[in-house]
Amino acid sequence: MAAVEIPAGGREGRHTHPGAVVVYIQEGIITFDHEGKPTMTYKAGDSFYIEPGKIHEGINNGTSPVKAVATFVVEKGKPLTSPAAP
């Protein structure tokens with residue numbers, strides 16, 4: 001598990017994970033771009049699933065930070081996150 005915070009106006013940068021991720025939004029509103037899916041918006045109390053290997057990015061278009069908890073299911077020894085090619 002990891003705490004994630006995206007400041008107002010910030011973004012994560014396009015990236016992937018080698019395993020599954022479940023994200024729970026604790027505070028704020030996030031716009032989420034996900035390979036093969038329409039852009040979605042999630043707010044506090046929402047959760048969503050990220051498939052292994054899919055390029056994605058969380059963007060905070062709001063005026064307050066987004067705080068979330070991400071739960072990773074990744075093979076031991078693999079990095080949790082890898083940057084995606086531009």
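What is the Cα centroid distance between the range 59-86 and the range 4-26, reported in whole angstrom?
Value for the Cα centre distance between the two parts: 3 Å.
Please count, across the chain, the pairs of lysine residues with Cα atoms under 22 Å apart that sit 8 or more places apart or on different chains.
Numbers: K37/K54; K43/K54; K43/K67; K54/K67; K54/K76; K54/K78.
Lysine pairs satisfying the spacing and distance rule in the chain number 6.
State the extension gain, in nm to one decimal, for the chain segment bounded by A20 and T63, taking 0.36 nm per residue of separation less the distance between their alpha-carbons. Please list the in-between numbers first.
Numbers: separation 43, 0.36 × 43 = 15.48 nm, distance 2.93 nm.
Result: 12.5 nm gained on full extension.
Before I look further, what does the chain give for accessible area per residue, probe 1.4 Å, in whole square angstrom? Kindly include the intermediate steps, with their values, before the conclusion.
Working: 5160 Å² over 86 residues.
Value for the chain: 60 Å² per residue.
Using protein chains only and a probe of 1.4 angstrom, how many square angstrom of Y24 are accessible, to the nearest 10?
My reading of the accessible area for Y24 is about 110 Å².
Applying 1/(1 + (r/R0)^6) with R0 = 30 Å to the Cβ-Cβ distance of V74 and M40, what FRET efficiency is obtained, to the nearest 0.05?
FRET efficiency, V74 to M40: 0.85.
Out of residues 5 or more away from T16 or on other chains, whose amide H comes under 5 Å of its own, with H placed 1.01 Å from N in the peptide plane?
Placed amide hydrogens put S82, A84 under 5 Å from T16.
The values are calculated or read from the model by the stated rules, or taken from the named source; none is laboratory data. Fair warning: this is a prediction, and the values are worked out from it, not measured in the lab. Backbone-built Cβ (ideal geometry, glycine too); neighbour counts: all protein chains shown. In case anyone asks, the SASA skips ligands and DNA or RNA and just uses the protein heavy atoms, side chains included. Shrake-Rupley method; radii C 1.70, N 1.55, O 1.52, S 1.80 Å.
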